[in-house]
């Protein structure tokens, strides 16, 4: 594979200006952070949305996180190109490979996002969860909300949604099944506190 055969470059890293050297180092650090962030988001997406805890009473699902690992070639090959530059190797082939793999990754990301969305929805329904649109903060950007007990899907105003989400998350953490009367009382209390 041509990528594995690194060729020495005529340009020396030591000959670069200090500003260029600093920019390369900062870029490597920044892209390393981005790669870790993408990996964590993808892990979290698989762990919480594809292989979710079936004991949870409330699931806030974002199916777009899980296939994030398809985007990893972009920061990884950019990091490799930066390392090649530092050690006086040519990095043109690495950039070309980065472009090809990133384009393929973007296509795979969108295809797998669609497939995973259908899979996650079917899997949640098979495990007895019901979709609840009232607990979405925004119709287009919010995660989909799924409840184990459909009676807990109450019509609420958008300003209460973050508090209701915290209430459900607390019940998930404690392993306590949420009760309808408690939820109604909590929503009434939250409305009163916010002067609604």
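Points to keep in mind about this one:
- Taking the conditions (1) surrounded by fewer than 17 Cβ atoms within 10 Å (Cβ to Cβ); (2) modelled with pLDDT under 90; (3) assigned to a helix (DSSP H, G or I) in turn, residue 39 satisfies each one other than (2).
- When residues in the stretch 1-52 are screened for being touching a residue at least 60 places away in the same chain (Cβ under 8 Å) and under 30 Å from residue 132 (Cβ atoms), 3 of them pass.
- Long-range neighbours under 6 Å by Cβ, at least six apart or interchain, first residue over 14 Å from residue 52 (Cα atoms) within the stretch 140-151, second modelled with pLDDT of 80 or more: 150/130; 151/180
- Meets criteria (out of contact with any helix residue (DSSP H, G or I) (no Cβ under 9 Å at 6 or more places or on another chain), without any contact (Cβ under 8 Å) to a residue 60 or more places away in the chain, farther than 30 Å from residue 178 by Cβ and surrounded by fewer than 16 Cβ atoms within 10 Å (Cβ to Cβ)) for residue 103: yes
The values are calculated or read from the model by the stated rules, or taken from the named source; none is laboratory data. No experiment lies behind these values; they were computed from the predicted model shown. Ideal geometry is used to build each Cβ from the backbone, glycine not excepted, and the neighbour counts take in all protein chains shown.
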